[in-house]
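One structure below.
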Amino acid sequence: MYTFKNVEKHLRSFLEGKRPFEMNNPKMKELLHRLSWNIYQKQHQRECEAATQYFLKFDTDRDPCLLTLNKERLYYRKIKEGNGEILKREDIPLLNYQIRLRNGEVVFDKVDLKRAIRGFKEGLVGRKIGEKGILYIHPEWGYQDFFMTPYADKLLEVNFEVMGLIE
């Protein structure tokens, strides 16, 4: 009978080189899938709680350059005011940007904006051509729809400059 305890014991034996791994068994596959899903859910919940705590430190009343775009999900810090056209939801902007984790690790610096994460798309609406800023994106508005990427449950920072519009 396969229980989580038995699966754990089996995995330990496999990792210690004492027995082969039984991935052909459908019950084992199902238990491993459920186990990995439970682990992912707990990790995601911890990361979301950490992001929410991080956002609670933001004081938009004292920092005029920091804007709340969506409470506890999306914040924006203006670095340089733009002087061009205001971006609309349907625009395809030409950008110079980097998506990073809070520890500075660069996640992406090129992405098809039609497939961009929600926080990035929403954060660009209302920005002006020539504007520079940083978006702070909660995990629920980040890569969570791209299940099991290493960034699915991470708070993201997007440094960007709007260079123009793609016609």
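The values are calculated or read from the model by the stated rules, or taken from the named source; none is laboratory data. It should be emphasised that the depicted structure is a prediction, and the values quoted were computed from it without experimental measurement. Heads up, the Cβs are rebuilt from the backbone with ideal geometry, glycines too, and the neighbour counts pull from every protein chain shown.
Tell me, yes or no, whether segment 35-52 has at least one residue that is of a type in the set (A, V, I, L, M, F, W, C), more than 21 Å from the chain's Cα centre (by Cα) and not assigned by TED's automatic domain parsing to the domain that holds Tyr143. Can you show your working first?
Going residue by residue through segment 35-52, those that are of a type in the set (A, V, I, L, M, F, W, C) are 35, 37, 39, 48, 50-51.
Next, only the ones that are more than 21 Å from the chain's Cα centre (by Cα) stay: 35.
If we keep only those that are not assigned by TED's automatic domain parsing to the domain that holds Tyr143 too, we end up with 35.
Checked against the condition, which is being of a type in the set (A, V, I, L, M, F, W, C), more than 21 Å from the chain's Cα centre (by Cα) and not assigned by TED's automatic domain parsing to the domain that holds Tyr143, segment 35-52 yields at least one hit.
When you scan segment 1-115 for strands (runs of 3 or more DSSP E) that lie fully inside it, which ones turn up with 1 or more residues that are without any contact (Cβ under 8 Å) to a residue 40 or more places away in the chain?
Working: elements: 66-70, 74-80, 93-101, 106-108.
So the answer is 66-70, 106-108.
Would segment 124-140 turn up any residue that is in a loop (DSSP other than H, G, I, E, B) and either aromatic (Phe, Trp, Tyr) or free of Cβ contacts under 8 Å to residues at least 12 places away in the same chain (or both)? Can you show your working first?
Residues of segment 124-140 that are in a loop (DSSP other than H, G, I, E, B), as a first pass: 125-127, 129-131, 138.
Next, only the ones that are either aromatic (Phe, Trp, Tyr) or free of Cβ contacts under 8 Å to residues at least 12 places away in the same chain (or both) stay: none.
Scanning segment 124-140, I find no residue that is in a loop (DSSP other than H, G, I, E, B) and either aromatic (Phe, Trp, Tyr) or free of Cβ contacts under 8 Å to residues at least 12 places away in the same chain (or both), so the answer is no.
Which of the residues spanning segment 80-128 are more than 17 Å from Leu67 (Cα to Cα) and of a type in the set (A, V, I, L, M, F, W, C)?
Ile92, Leu94, Leu95, Ile99, Leu101, Val106, Val107, Phe108, Val111, Leu113, Ala116, Ile117
Go over the candidates Gly133, Gly164, Gly142 one by one and state the one that is out of contact with any helix residue (DSSP H, G or I) (no Cβ under 8 Å at 6 or more places or on another chain), surrounded by 18 or more Cβ atoms within 10 Å (Cβ to Cβ) and among the small types (Gly, Ala, Ser).
On the way: Gly164 fails: surrounded by 18 or more Cβ atoms within 10 Å (Cβ to Cβ); Gly142 fails: out of contact with any helix residue (DSSP H, G or I) (no Cβ under 8 Å at 6 or more places or on another chain).
Going through Gly133, Gly164, Gly142 in turn, the sole match is Gly133.
Going by the conditions given, is Arg127 at pLDDT 90 or above, more than 15 Å from the chain's Cα centre (by Cα), surrounded by 21 or more Cβ atoms within 10 Å (Cβ to Cβ) and among the charged types (D, E, K, R)?
Values: at pLDDT 90 or above: yes; more than 15 Å from the chain's Cα centre (by Cα): yes; surrounded by 21 or more Cβ atoms within 10 Å (Cβ to Cβ): yes; among the charged types (D, E, K, R): yes.
Here the answer is yes, as Arg127 does meet what is asked.
Leu155: within 14 Å of the chain's Cα centre (by Cα), under 21 Å from Phe58 (Cα atoms) and either touching a residue at least 24 places away in the same chain (Cβ under 8 Å) or outside the structural domain of Leu94 (by TED's automatic domain parsing) (or both), yes or no?
On the way: within 14 Å of the chain's Cα centre (by Cα): yes; under 21 Å from Phe58 (Cα atoms): yes; either touching a residue at least 24 places away in the same chain (Cβ under 8 Å) or outside the structural domain of Leu94 (by TED's automatic domain parsing) (or both): yes.
Yes: the conditions hold for Leu155.
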